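Below is one structure, written out as structure tokens; comments come after it.
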Amino acid sequence: MVPISSKDKILNAGDPANMAKAVSILRGEGVVAFPTETVYGLGADVFSAKAIGRVFEVKKRPSFDPLIVHVSSLEEAQGLWKEVPPVALDLMKRFWPGPLTLVLPKTDEVPDLVTSGLPTVAVRLPDSPIALELIRGLGHPIAAPSANIFGYTSPTTASAVWEDLGDHVDLVLDGGPARVGVESTILKVEKNRCILLRPGGVPLETIEACAPVVRKKEGAGVCEAPGSLQAHYAPWTALALLDKPFGDFAKDLGEIFRTYEQKEIPWPRAGLLAFDAKGDMPWFESVEVLSESGNLHEAAHRLFGAIRKLDRMHLDLILAERAPDEGLGMAINDRLGKASGGRSGTRFLLDRLKQEGT
Ligand code: TXA
Ligand code: MG
């Protein structure tokens with residue numbers, strides 16, 4: 001059998017014939033990866049049990065983790081929810097189309113398979129002409145998680161989707177790199193109260209200028225957004241966080257490095273994921289700077305691509321610097337925190353020193 005190459009399945013979304021093909025695959029209960037402004041999604045007709053089943057299967061996603069439903073109009077969203085409180089309507093009008101997902105009680109029409117049996121459904125109106133054309137072409141909302149293997153870094157390009165899912169998807173629509181680069185902000189609306197389930201593409205401060213938001217207490221109660229589980233968005237390579245501001249950390253690193261030398265223990269092959277520009281970094285085999293000037297939008301846009309690039313080098317360790325905890329920095333830090341599973345950079349290097357020294 002001739003292996004199917006990416007050329008046959010990654011098609012330019014700008015060509016109407018390719019868009020028509022994507023629509024016909026979705027109508028035939030297939031699955032199509034497509035760009036949104038945040039990351040690429042793996043889409044299925046929300047009303048097709050067969051296609052939704054395949055989304056879970058292709059992603060190796062546990063069935064308890066519900067999907068976000070993508071709509072092409074406010075009215076379509078309203079049809080999926082039992083009731084839309086005034087605060088939700090305000091948020092929709094202010095931030096849609098855009099990277100904000102709202103979770104509200106669902107109507108019976110929304111299949112339980114999509115919501116993993118939850119009585120609520122997460123819905124968003126993406127700010128991407130390609131995504132909107134696809135939803136309108138199908139004539140139904142599209143349920144779509146990020147188009148990556150469950151637990152791995154989300155894809156922001158068509159080739160990243162292919163790297164992860166390859167031939168298991170029926171088609172990848174290529175719309176170029178995703179503009180925002182981190183997933184949507186998820187808010188649960190209870191009566192007139194908004195609860196933050198995941199920081200994302202709309203900064204919390206921007207939402208708070210419009211409506212008060214309750215920040216979720218870490219580890220409290222049931223897991224509201226299973227994607228908020230630890231060890232999510234993670235590369236295969238061990239990723240650890242700098243536990244201090246960069247200057248102080250670099251001093252520690254210098255000392256730890258000298259101890260490795262004294263004990264004649266090989267220094268690990270490490271990569272640095274830096275938030276902004278850094279000077280000479282002799283300890284790292286590779287340095288990825290998210291934004292030379294420290295611009296949060298640019299950093300978010302480049303985040304997942306930079307993680308994937310370092311991951312492809314098969315290093316022993318990726319050390320990641322957190323962004324300032326404001327604006328899109330909250331989403332960046334959330335993803336880095338999950339990808340590291342809370343691992344500290346200094347701890348990693350000292351533990352290795354101990355292990356190798358015995
Ligand atoms: O930007 C995005 O949101 C991207 C693009 C493709 O739209 N999608 C995305 O989907 O990030 P996914 O499946 O990777 O993450 C969706 C998160 C998961 O953590 C899931 O648990 C949560 O949304 N979620 C979905 N439905 C929910 C619900 N009814 N209640 C609480 N959390 C929900
Ligand atoms: Mg995801």
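The values are calculated or read from the model by the stated rules, or taken from the named source; none is laboratory data. All figures in this text were calculated on a predicted structure; none of them were measured in a lab. Positions of Cβ are backbone-derived with ideal geometry, glycine not excepted, and every protein chain shown enters the neighbour counts. Please note that ligands, DNA and RNA were not included when accessible areas were found on the heavy atoms of the full protein model with its side chains. Shrake-Rupley method; radii C 1.70, N 1.55, O 1.52, S 1.80 Å.
For region 75-219, DSSP calls about 60 percent of its internal beta bridges antiparallel. The Cα trace of the chain gives Rg and Dmax of 21.2, 68 Å, the first to one decimal, the second as a whole number. Remark: spin-label model distance LYS60-ASP252 equals 3.2 nm, labels positioned 7 Å along the Cα→Cβ axis. Counting other Cβ atoms within 10 Å of each Cβ, which GluC sites (Glu not before Pro) in region 71-177 have at most 13 and sit in a DSSP loop? Here the GluC sites (Glu not before Pro) that fit, given the DSSP loop and packing criteria, are GLU83, GLU109.
Between GLU109 and GLU75, the simple label model (points 7 Å from Cα in the Cβ direction) yields a spacing of 1.1 nm. Evaluated with a Cβ-only charge set (Lys, Arg +1; Asp, Glu -1), the chain carries a dipole of roughly 480 debye about its Cα centre, given to the nearest 20. The solvent-accessible area of THR36, taken with every protein chain present and a 1.4 Å probe, is close to 10 Å².
Just the protein heavy atoms count here, and of the accessible area of the chain at 1.4 Å, carbon and sulfur take up 53 percent. Surface analysis of region 262-318 yields an accessible area of 48 Å² per residue, using protein heavy atoms and a 1.4 Å probe. With all protein chains kept in place, the per residue accessible area of region 20-175 amounts to 35 square angstrom at a probe of 1.4 angstrom. For the peptides 113-120, 198-205, the ranking by packing is 198-205, 113-120, with the highest mean count of neighbouring Cβ atoms within 10 Å listed first.
Here region 298-358 is treated as a sphere whose radius is the Kirkwood value from Cα pairs; by Stokes-Einstein at 20 °C and 1.002 mPa s it diffuses with a coefficient of 165 µm²/s. In a fully extended conformation the segment linking ILE149 and GLU83 would gain 20.4 nm over its present Cα-Cα distance, using 0.36 nm per residue. Using the Cβ-Cβ distance between ARG312 and ALA17 with R0 set to 35 Å, the FRET efficiency works out to roughly 0.60.
Beta bridges per DSSP, both residues in the chain: antiparallel share near 40 percent.
In a reduced charge model with +1 at each Lys and Arg Cβ and -1 at each Asp and Glu Cβ, region 125-179 shows a dipole moment near 220 debye about its Cα centre.
Taking every full run of DSSP H in the chain, none both stretches at least 20 Å from end to end by Cα along its long axis and averages 0.5 or higher on the Kyte-Doolittle scale.
Between LEU350 and ASP280, the FRET efficiency estimated from the beta carbon spacing at R0 = 22 angstrom works out to 0.40. Calculated FRET efficiency, LYS244 to GLU292, Cβ-Cβ distance, R0 = 22 Å: about 0.50 to the nearest 0.05.
Here region 13-118 is described by how far its Cα atoms reach on the three principal axes: 39, 32, 22 Å, from widest to narrowest.
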